[in-house]
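In what follows, a structure is listed as structure tokens, so that the remarks can point back to it.
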Amino acid sequence: MRTGRTTSSHRRRGSAASGRVRVGAAAAMVALAVSLSGCVNFTDQDQTKDAGTFSANNESIAQKKQPPTSTPTPPPGPPPSGPCVDPDPAVIATCLESTGGVTAADDKGDVTMVAERTTGKLITTKRYAPHRVLATFPVDGSGDGGLIDFALSPTYSQDQLIYALITTASDNRIVRIAPGDVPKPILVGIPKGQNGNMGSMFFRSPTELVVATGNAGNPAAANDPSSLAGKLLSVTSLRSGANPPPRILASGFGSNVSMCTNVNTGTLYLADQTPTEDRVQVMESGGPKVLWTWPDRPQIAGCAVASGSIFVSTTRTQHIEAINEPTRDKPAITPPVVLLEKRYGALGRMTALPNGILQFATVNRAYGKPVQTDDRVVKWLPPSSSEDRT
């Protein structure tokens, strides 16, 4: 049993996996930003700010040389008031039910898309904007089940299809939904438990959906090849109907499994909770390899990769911590650094943008002490590696 963070067993080295498949997450994010332009009600003030100033293409040089005329700009009005207005400017979504997966819905991180785990609603919003429900899934939100995670079709701007990992009365399953339709099953029969239902999913390519499943409260099932619990799955049959079983990429995962990728290299990392420790692993050609473990079990709930670091969010200790992403030149892992502590309460899933900004969701309604504006989504830029992060 591991007793500390400084032992060699905690500093497993991770080399780059051979034969990595290019991640399609960046393309999906572009499609998401385009498709949501009509989904969120922006205030006039925000629209004016975002539009900037333009001049006609045929503007003459003489006109350009004329001194500009100044038009007084009215001062911005006061922020809206009400029980769901959070004074923290980093908070971009408020008054959510307990959350599941979260992803950024624009390239600046101002807009978010977040799953309400217990209601089955997939919501998009931004600061001071109303909630817009993109889809609703019938779910069993008891325990840690419900609308667990979601992924937009790689061709979302054309087909508007949304895939989701949900809990029903009988199982956990993957479904997809089209506008104006009901969810259709893609993969059924993933074991359901009183806990251990939380998993994760993303499109690794236009034809492959990668899904990580929790152990459904049964660690033995995670190592049982006949069970879909505690597994990393490759789902390539994406139409509804009687689909063949998915390919099992890896086994032995615990509860609350989250995934994060380096979109430049395609490297896949997984975070989960086991009965003895929380951990972060890297998926290599030979299977998952442990990078770091937390014997104190802070309840890691989310992970994200940005700017040379692997970030994890925790529920019990209410942290965001970072370890360095291993490289060929620097394969050793240094001890985690706490970058954010007990500012927003219990933390759930998180995601990273290419510019290094993170979005993370709180889970105070289920696991913390909720304030009036909970649950929330926060936009946050971690300190750079050159800064003192202690």
Report, in listed order, any pair from Lys330/Lys379; Lys126/Lys379; Lys342/Lys379; Lys231/Lys289; Lys121/Lys231; Lys231/Lys379 with a Cα-Cα distance greater than 21 Å.
Lys330/Lys379; Lys121/Lys231; Lys231/Lys379
How long are the semi-axes of the ellipsoid equivalent to the range 87-177, from square roots of 5 times the Cα gyration tensor eigenvalues, in whole Å, largest first?
23, 17, 9
Modelling each spin label as a point 7 Å along the Cα-to-Cβ direction, I'd like the Ala169/Asn243 distance in nm, to one decimal.
2.4 nm
Kirkwood hydrodynamic radius (C-alpha pairs) into Stokes-Einstein, the range 252-348, 25 °C and 0.890 mPa s, D in µm²/s
183 µm²/s
With labels modelled as points extended 7 Å from the Cα through the Cβ direction, what inter-label distance (nm, one decimal) is found for Lys330 paired with Asn355?
2.5 nm
³J(HN,Hα) across the range 100-116 via Karplus (A = 6.51, B = -1.76, C = 1.60, θ = phi - 60°), whole Hz, x for Gly/Pro?
x, x, 9, 8, 6, 10, 8, 7, 9, x, 7, 10, 10, 10, 9, 8, 8
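Go through 176-187, 110-121, 304-315, 237-248 and give me the packing order, highest mean Cβ count within 10 Å leading.
The peptides rank, most packed first, as 110-121, 304-315, 176-187, 237-248.
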Using all C-alpha to C-alpha distances in the range 166-229, build P(r) with 5 Å bins and read off the rounded percent in each one.
4, 17, 25, 23, 18, 9, 4, 1, 0
Principal axes first, then extents: for the Cα atoms of the range 104-245, list largest minus smallest coordinate on each axis, whole Å, largest first.
46, 31, 28
Which residues qualify? For Gly189, with a placed amide H closer than 5 Å and at least 5 residues away or on another chain, they are Asn172
What is the spread of the Cα atoms of the range 138-191 along each of their three principal axes, largest first, in whole Å?
35, 18, 16
If I take the Cα coordinates of the range 301-390 and project them onto the principal axes, what are the three extents in Å, biggest first?
47, 24, 21
Remind me, relative contact order of the range 121-189 in percent, using alpha carbon pairs under 8 angstrom and six or more residues apart?
21 percent
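Coordinate-derived values only; no laboratory data. Not measured: the values here are computed from a predicted model. Counting neighbours? That spans all protein chains shown, and the Cβs are built from the backbone with ideal geometry, glycine included.
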